[in-house]
Amino acid sequence: MKLLNKLFIIIVLVAVAGSGCKKLNLAPTDRFTDLTFWQVDGNVYSALYNDYSIMYNDNLYFSEEALSDNAFSSAGDVTIISSGNATPLTGKFLNDWSTYYSCIKSCNEFLDGIKLNTTLPKDTVARLVAETRFIRAFEHFNLTKWYGDVPLINYNITQDQSKTVARTPKADVINFVLSELDAIIPDLPTQDQLPASQNGRITKGAALALEARVLLYQGTRMQDVVTVCQKLMSGADGTYSLNPSYTALFSDPNTNKVNSESIFSLQYVPITRTWQDFWDFAPVSVGGRVNSMAPTQELVNAYIMLNGAAITDAGSGYDPNNPYANRDPRLTATIVYDGYHWDAEGGANGTTKTIYIKPGSDPSDTPTNPNGPDEYVGGRQSSSPTGYYWRKYFDPSAQPEYLSGLNLHLIRYAEVLLDYAEAENSLGQMNSTIWDQTIGALRKRAGFTDPGAINYPSSGDMTTIIRTERRVELALEGLRTDDIRRWKTAETVMNGYAHGAQFSGDPSTDNGFIRAQKRTFNPNRDYLWPIPNNETSKDKNLTQNPGY
């Protein structure tokens with residue numbers, strides 16, 4: 001079993017002895033103390049792997065998509081937030097805050113504790129420290145992108161101190177994150193230097209790729225983004241490339257685990273550590289349960305035609321009566337639509353069949369069963385509220401009820417190419433060479449062959465082209481919400497209805513497209529989340545964001 005994956009079978013170790021005891025020169029022999037715990041190399045690695053396991057999770061990964069115009073969720077706090085009705089009491093704000101700060105606390109404890117180790121080689125200790133500092137930086141970055149100014153906790157504070165900390169300006173938090181990433185790179189291995197047993201460990205490439213993301217999100221340091229991306233693209237800090245198959249990255253159990261594109265992923269292990277979200281993403285006739293998050297018509301519309309034209313372009317060839325034909329192949333790799341040919345690929349979940357979603361389209365319907373299990377039925381909880389389901393991250397090797405051990409990709413080389421294209425374009429430096437390295441390469445990998453799609457365009461808004469490419473390439477990977485917030489387009493795309501397929505039967509309302517949810521986004525408030533009420537009530541030094 002791979003070394004990193006061992007963390008998932010380790011029971012969390014008991015806490016060290018309480019601080020209330022008098023200090024003794026002789027440590028107890030029946031339990032670990034600060035004098036002994038960190039002298040055991042296995043304990044050090046267990047503590048490190050625990051930090052890996054709590055830094056992020058599948059719920060955070062997927063739920064963010066429904067906070068964007070890519071998806072709609074009819075359940076939980078995500079619905080409250082996307083409808084504009086959230087308050088500082090909304091549970092997700094506290095849950096996410098607590099998740100990130102709990103991991104930061106664990107990282108700071110590790111960084112204190114490893115100083116007591118005298119058995120590991122110095123270069124090994126330096127690497128473990130670097131990995132932990134990466135995780136801590138990642139948590140701070142996530143906090144500040146949602147909440148703005150947040151407490152910067154870069155040392156192991158006490159419980160009493162946690163009740164008096166104030167918010168650190170976002171700019172200072174970002175500078176801390178970037179300085180941490182720069183500092184740790186020399187102590188990390190490249191991806192090429194990792195033995196197979198260490199797949200999933202943090203590398204130089206992961207630190208650089210996260211640095212590129214952080215810089216890109218600031219919107220003012222695009223030349224720095226270019227510089228970092230060029231380092232990654234040069235191969236000097238690890239060899240990365242686009243995997244030949246887009247679909248295989250997410251659905252082939254072998255490729256998903258080992259490929260040239262994944263820079264950093266959440267590691268899962270079949271049976272031992274799994275995720276089950278797809279159970280509520282899939283059509284009910286192939287093993288889905290209750291639909292919890294469905295793609296929107298707005299996302300479907302973003303996929304271009306095979307000739308490179310948007311579906312709204314004159315002469316694109318788009319046929320509203322056959323809307324999914326001749327589209328970007330990533331549409332079929334990502335979204336299940338009416339008439340979809342579902343291939344279970346030999347797995348235990350589902351069968352090879354045609355998915356009928358539009359009411360009345362299933363030839364097996366009978367007068368006593370007019371709506372088959374796949375059909376869109378307004379108000380029925382088990383069916384998709386938009387008439388679409390997810391295909392991306394379908395695991396043909398999953399256990400029953402879609403218990404999956406597939407990794408979830410946090411950073412892919414495709415994102416680096418998109419970062420690079422966006423930064424170069426913002427600097428006015430986009431050209432055919434950069435296009436071929438980035439957007440052209442991504443489209444060729446997706447399966448485009450028409451010169452109109454893969455060649456450098458002679459017309460069109462390049463910013464829109466790049467943003468649309470980013471949207472469809474990274475769909476269901478939790479980054480769309482970040483993008484519409486940093487581009488300040490959320491106030492446009494998150495105001496009004498999120499739509500589903502053209503199934504409503506009322507052409508006088510939105511041309512017959514399903515109205516899934518009325519959304520409201522207040523640009524004077526909603527670009528930041530509120531500091532959770534539970535935290536401001538305990539710590540009077542925590543101020544609140546405007547509008548809450």
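The values are calculated or read from the model by the stated rules, or taken from the named source; none is laboratory data. Please read all numbers here as calculations on a predicted model, not as lab measurements. With ideal geometry, Cβ positions are generated from the backbone for all residues, glycine too; neighbour counts draw on all protein chains shown. Just the protein is used for accessible areas: all its heavy atoms, side chains included, with ligands, DNA and RNA removed. Shrake-Rupley method; radii C 1.70, N 1.55, O 1.52, S 1.80 Å.
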Item to check | the stretch 83-123, residues that are under 22 Å from Y61 (Cβ atoms) and hydrophobic (A, V, I, L, M, F, W, C) | outcome: A86, F93, L94, W97, C103, I104, C107
Checklist entry - Checking Y155 against (1) surrounded by 18 or more Cβ atoms within 10 Å (Cβ to Cβ); (2) among the hydroxyl-bearing types (S, T, Y); (3) farther than 21 Å from D419 by Cα, which test does it fail? => result (1)
Checklist outcome for this item: The helices (runs of 4 or more DSSP H) lying entirely within the stretch 73-167 that contain at least 3 residues which are in contact with a Pro (Cβ under 6 Å, 6 or more places away or on another chain) and hydrophobic (A, V, I, L, M, F, W, C) are 91-113
Next on the checklist: Condition first: assigned to a loop (DSSP other than H, G, I, E, B), modelled with pLDDT under 95, open to solvent by 30 Å² or more (accessible area, probe 1.4 Å) and of a type in the set (K, R). Can you find one or more residues in the stretch 289-311 that meet it?
Outcome noted: yes
Next on the checklist: So in the stretch 492-515, with the set limited to residues that are closer than 19 Å to Y337 by Cβ and out of contact with any strand residue (DSSP E or B) (no Cβ under 9 Å at 6 or more places or on another chain), which one is surrounded by the most Cβ atoms within 10 Å (Cβ to Cβ)?
Outcome noted: A501
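Restricting attention to the stretch 191-227, report how many residues are of a type in the set (F, W, Y) and under 20 Å from L48 (Cα atoms). Break it down into steps so the answer makes sense when it comes.
Taking the stretch 191-227 and keeping what is of a type in the set (F, W, Y), we get 217.
Now drop any that are not under 20 Å from L48 (Cα atoms), which leaves none.
The number of residues fulfilling the criteria is 0.
Any idea which residue in the stretch 361-393 is surrounded by the fewest Cβ atoms within 10 Å (Cβ to Cβ), counting only those that are small (G, A, S) and modelled with pLDDT under 90?
As a first pass, look at the stretch 361-393 and keep what is small (G, A, S): 361, 364, 372, 378-379, 382-384, 387.
Of the ones still in play, those that are also modelled with pLDDT under 90 are 361, 364, 372, 378-379, 382-383.
On the way: S361: 17, S364: 8, G372: 20, G378: 15, G379: 6, S382: 13, S383: 23.
If we take residues in the stretch 361-393 being small (G, A, S) and modelled with pLDDT under 90, then G379 is surrounded by the fewest Cβ atoms within 10 Å (Cβ to Cβ).
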Checklist outcome for this item: In the stretch 107-126, residues that are surrounded by fewer than 21 Cβ atoms within 10 Å (Cβ to Cβ) and either in contact with a His (Cβ under 7 Å, 6 or more places away or on another chain) or closer than 21 Å to F176 by Cβ (or both) total 7
Checklist outcome for this item: Selection from the stretch 166-180 of residues touching a residue at least 40 places away in the same chain (Cβ under 8 Å), surrounded by 17 or more Cβ atoms within 10 Å (Cβ to Cβ) and farther than 23 Å from K204 by Cα yields R167
Checklist entry - Looking at (1) farther than 27 Å from L528 by Cα; (2) open to solvent by less than 50 Å² (accessible area, probe 1.4 Å); (3) of a type outside the set (G, A, S); (4) at pLDDT 65 or above, can you tell me which one N5 breaks? => result (4)
